[in-house]
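Below: the structure, in structure tokens.
Please treat every number below as a calculation from the coordinates, not as lab data. Treat the numbers as computed from the prediction; the structure is a model and nothing was measured. Neighbour counts run over all protein chains shown; Cβ positions are idealised from the backbone, glycine included.
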Amino acid sequence: MKDAFGRKITYLRISVTDLCNLRCVYCMPENGVEKRCHSDIMSIEEIITAVEASADCGITKVRITGGEPLVRRGIIDICRGVGRIPGIEEICITTNGVLLPKYASQLRDAGVSRLNISLDTLNPDKYAQLTRIGRLEDALAGLEAAEKAGFTGTKINAVLIGGVNSDELGELVGLTRDRDIEFRFIELMPIGECADWDKARFIPGQSVLDAVPELVEDGMSGVSRMYRVPGWKGRVGLIDPISHRFCDRCNRIRITADGKIKPCLHSSGEFNLRGLDRDGMAEVIRLAIESKPGRHMLEERSSESIRNMNEIGG
Ligand code: SAM
Ligand code: SF4
């Protein structure tokens, strides 16, 4: 269905847990988050019903996210259940990759179409600092496991952080030389843990083009402006919600692990889905889509979201 601004809403991002096996400094509090009581997060059945209700409202693509979706008990059952819903044509997962050696094949068998793997740096020390408890080698093993399991079209996502990975943009783009991957740079958004960070940390997507002048334009892929180095196998994407606001093309809604719909990542508006049957959920989802704000105001102020990114899923 269309929202009040004529945007066709077809894409649902659903967070299946707010827990994570990493503690990325821009996303998670240092000590993690308290494990919620079982009944505070949506059950597998509720998640499936919420996606069925979303399909009733015109959703065709689902991204499963977190926290870290692969730490959620029953993640394979969730993927399989979502994959069986009529009208859902594509299921993707966004993951930090660390648990892919264990799960990649099962995810593929369960019907997951594509993976996005987050990898902000290729420097082991920086990776350890950024994630607080992670090891680069585990993330790289995840990438390899995805390939081995037969996933194609895998996208790697790196958040651009001034003074952290701004000096290795060329090296990160270099991953597209021999691999048929999409490497996407995402502008850091001032939300949750990093809402008050120094302005110097927020660098524009343009810095990638400045660092690698060989990149030439290669169209659009969703909200990502695409580039490639001529002769190289992969492509580079820039997702720049701040310097090139794409709200007029936004086609997504989000559901949090505790069952709230967020019509916009950066507004405080939320609608509860818990305790409702499929028809009740569909009614609330329609209301949420109708109330989707026209745009965010990140160029002027921090996000108005009342949640950290680990609760929303990016
Ligand atoms: N744990 C999974 C992962 O890291 O891919 C999924 C959840 S994570 C919240 C989803 C994406 O949001 C990651 O690519 C992460 O880098 C990104 N992210 C988190 N905080 C962000 C921020 N403040 N600005 C931009 N992207 C952010
Ligand atoms: Fe975990 Fe992903 Fe947030 Fe990092 S970005 S702390 S991996 S949820």
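A compact table of results
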read-out	value
Relative contact order computed over the chain (Cα-Cα under 8 Å; 6+ residues apart), in percent	23 percent
Inter-site label distance for D109 and D125 at 7 Å from Cα along Cβ, in nm	4.3 nm
Anchor K233: lysines whose Cα lies under 25 Å away (excluding residues fewer than 8 positions away in-chain)	K148, K155
Extended-chain gain in nm, criterion 0.36 nm per residue less alpha-carbon gap, A141 and F246	34.5 nm
Helix-derived mean residue ellipticity, 222 nm - over the chain, DSSP H n ≥ 4, -39500 (n - 2.57), to 500	-7500 deg cm²/dmol
Difference of contour (0.36 nm per residue) and Cα-Cα distance, F5 to K102	30.6 nm
Neighbour-count ranking [beta-carbon atoms within 10 angstrom, fewest first] of D120, D56	D56, D120
Exposure proxy ranking, count of Cβ atoms within 10 Å, fewest first, for S39, S118, S54, S268	S39, S268, S118, S54
Radius 12 Å from Cβ of V212, net charge of other residues (Lys, Arg +1; Asp, Glu -1)	-2
Cβ-defined net charge surrounding G67, 9 Å radius [Lys, Arg +1; Asp, Glu -1]	-2
